[in-house]
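The values are calculated or read from the model by the stated rules, or taken from the named source; none is laboratory data. Everything numeric in this text was worked out from a predicted model, so none of it was measured. Positions of Cβ are generated from backbone atoms using ideal geometry, with glycine treated the same way; all protein chains shown enter the neighbour counts. Please note that ligands, DNA and RNA were not included when accessible areas were found on the heavy atoms of the full protein model with its side chains. Shrake-Rupley method; radii C 1.70, N 1.55, O 1.52, S 1.80 Å.
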Amino acid sequence: METFLSSTPNLYRSSCMHNFKSSRPNMHLKSPISQRYRYKTSPMIMSSARPFYVPNRISDPNYVRILDTTLRDGEQSPGVMLTPSEKLDIARQLAKLGIDVIEAGFPASSNSDFEAVKLIAQEVGNAAPGEGGYVPVICCLARCTQKDIEKAWEAVKYAKFPRILMFIATSDIHMKYKLKMSKSEVVERARSMVRFARSLGCYDIEFAAEDASRSEKEFLYEIFGEVIKAGVTTITLTDTVGYSLPSEFGQFVADIRTNTPGIESVIIAAHCHNDLGLASANALQGCCSGARQLELTINGIGERAGNASLEEVVMAIKCKGDKLGGLTTGIDTRHILMASKMVEEYTRMQVQPHKAIVGANAFAHESGIHQDGMLKNKMTYEIMTPEDIGLHRSNELGLTLGKHSGRHALKAKLFEYGYDIDGEELHDLFWQFKSIVENKKVFTKDDLLALLSNRDIDSPTTIMKNYLGSSMLMSKPYLKIIVNRKFRT
């Protein structure tokens, strides 16, 4: 099935109300942060779907910030290496997508990553405000060491809204075997490194507890409370090895929110891995329990089995926001498919055909029962439109011919190609078609035309609506193509 990518914007906002009550309506950290970000955001005209950016609070209690970590955690997929220019291309697409926070890389890991983060901070992090005055936050990763934090700040400080995401492991197994540190040493290290980052001039600091879902909750209450006092703006609950069930992760977020001192003055983020195939479900459950930042990747790429998939989580919120308490994001969903194709091309990690939302089969129909339903009403088998993610199908209904197809689909395909066939002629043609597709995996347009030619069927009736005509292509002035691994318009 041919597909076309659209860049037509369609900013989504749920109109549903949410029963989650904000516990921080007027909270400001006692630091230059409030004045700094109020000054920078006040002249901007924001979209109704995206609140003014203040690092440690969100004025709309239903709004979920999206942090995309494709360029950092996604690049950690085995066999993936992105150049600075490729990272910049993807970051620009992420900005079009409406990502709130772009995690651009890990500057201390390599000179290439340092240059990529700096380049993205300078260009994407200072781009002219887009729709609604939006400029993304640019974030980079650092371990809790002075060297890492200095390197991170040197790379990211050029952004209009720079952020450092620092992390340290908190589970017993990690502290004992990897860090070889006691709990008190880990707490002191985290607290002192937050203070160090602030001394450099960074006032937007995210702190992540690595392997949090396998850590003792009482220890997490303590360490989160200490880093909040030291000045972090976001705390991240990680399911580093993808071990949680949705019910467990939801309760985990709720417990942290209930028992951590000072939690009302920061944003809670969820970072979920997919080792049991539950990352997207865990992320959504985390939101229902009070997380207001989700850390996702395009196509779900990442370490081992990957991360929570951005397209899955965002479209779940779009389609089911009312069932999730009225949650909403600022994502422009019609840029999803282009982002997916770009990441697939640059990483060389092929998207499986049945991948939710962006897979080649996500909007294709072969079963005769399904095809009959689609011909009568597309909502019978599609819960969203392909245009919602920027997909324009070569045929309006996404019908593909195969051994499961029925005569209604065959008739529709024939009509699409200019043949108006009915009655006994269609009946005979259908059974000849079925005998062929029993032994042929892919049945193409050329196969169908050859079948018609063998039956000496007259030339097609002229039909106004023919997808082979130029009107469909010419009506898409923003058609994207790939040329030598570069995306151009």
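Things to note:
- For the stretch 157-200, the convex hull drawn through the C-alpha positions has a volume of 76 cubic angstrom per residue.
- Contact order normalised by residue count of the stretch 56-196, Cα under 8 Å, 6+ apart, percent: 19
- Take 321-329, 381-389, 286-294 and order them by the average number of nearby Cβ atoms within 10 Å per residue, most first; the result is 286-294, 321-329, 381-389.
- Annotation: the antiparallel percentage among DSSP beta bridges lying fully within the stretch 48-186 is about 10.
- Pairs of alpha carbons in the stretch 303-361 whose separation is greater than 18 Å (percent): 39
- Rolled with a 1.4 Å probe across the full set of protein chains, the surface gives S182 an accessible area near 50 Å².
- Filtered trypsin sites (Lys or Arg not before Pro), the stretch 123-165: DSSP coil and at most 10 other beta carbons within 10 Å: none
- Residue-wise HN-Hα coupling along the stretch 327-343, computed from phi with Karplus coefficients 6.51, -1.76, 1.60 (Hz; x: Gly, Pro): 4, 8, 10, x, 6, 8, 5, 6, 9, 5, 5, 4, 4, 4, 5, 5, 5
- Distance histogram for the stretch 54-97 (every C-alpha pair counted, 10 angstrom bins, percent rounded to whole numbers): 22, 39, 27, 12, 0
- Percent carbon-and-sulfur accessible area, the stretch 83-167, ignoring ligands, DNA and RNA, probe 1.4 Å: 50
- Ellipsoid semi-axes in whole angstrom, largest first, where each is sqrt(5λ) of the Cα gyration tensor of the stretch 270-334: 19, 13, 9
- Equivalent-ellipsoid semi-axes of the stretch 229-367, from the Cα gyration tensor, Å, largest first: 28, 16, 14
- Mean separation of Cα contacts under 8 Å (6+ apart) over length of the stretch 134-190, as relative contact order %: 33
- Principal axis dimensions, the stretch 148-276 - Cα atoms, whole angstrom, descending: 40, 30, 29
- Sequence-distant residues sharing a close amide H with L237 (under 5 Å, placed H): A269, A270, H271
- Under-5 Å amide H pairs with L391, H placed in peptide plane, nonlocal only: S6
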